[in-house]
1. Output the number of the condition that residue 125 fails; it satisfies all remaining conditions of (1) outside any loop (DSSP other than H, G, I, E, B); (2) at pLDDT below 65.
2. State which residue pairs qualify: first residue at pLDDT below 95 and inside the range 62-74, second residue not charged (D, E, K, R) in any location, beta carbons under 6 Å apart, and separation of 6 or more residues or different chains.
3. Would you confirm whether any residue within the range 57-75 is closer than 18 Å to residue 10 by Cβ, open to solvent by 40 Å² or more (accessible area, probe 1.4 Å) and in contact with a helix residue (DSSP H, G or I) (Cβ under 8 Å, 6 or more places away or on another chain)?
Amino acid sequence: MAGLIRVSEAASLGLHAAMLLAQVEGERMRTRELGERIGASQAHLVKVLQALSRVGLVETERGPHGGVRLARPAASVTLLAVYEAIDGPLETTECLLEKPICDGHCCVLGRVLHGMNQEAREHLARTTLADV
């Protein structure tokens, strides 16, 4: 079933991985274990974790005692920070089309889409990993 608001697979993996890492805050988890728990391809998960690492949200270490862990306290990491590390800035769009053809004033959905996007953005911005 399709919804109006969609989250990319990569952002979904990042959010779920970050939440699992928050549950074991301070400890490292193996990428393989994270992938198994999320049900994700290890190759895709590694790319997502690299994006989170680039912005300083996770730390990775190779080797027999390596793994990945949060780089900051879970209470200081918002869901919006995780989302935007992967998919870029979350904008409140006015149109369902990837390339908007109208300014939103004559949309068949009226202003509801803008409101839904704004509400989702505000929720992600105020919710930390420690909250979930």
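The values are calculated or read from the model by the stated rules, or taken from the named source; none is laboratory data. Predicted model, so just to flag it, every value in this text is computed and none were measured. In this analysis, Cβ positions are derived from the backbone assuming ideal geometry, glycine residues included, and neighbour counts consider all displayed protein chains. Just so you know, the surface numbers come from the protein's heavy atoms only, side chains and all, with ligands and any DNA or RNA stripped out. Shrake-Rupley method; radii C 1.70, N 1.55, O 1.52, S 1.80 Å.
1. It is condition (2) that residue 125 fails.
2. 67/29
3. Yes, there is a match, as at least one residue in the range 57-75 is closer than 18 Å to residue 10 by Cβ, open to solvent by 40 Å² or more (accessible area, probe 1.4 Å) and in contact with a helix residue (DSSP H, G or I) (Cβ under 8 Å, 6 or more places away or on another chain).
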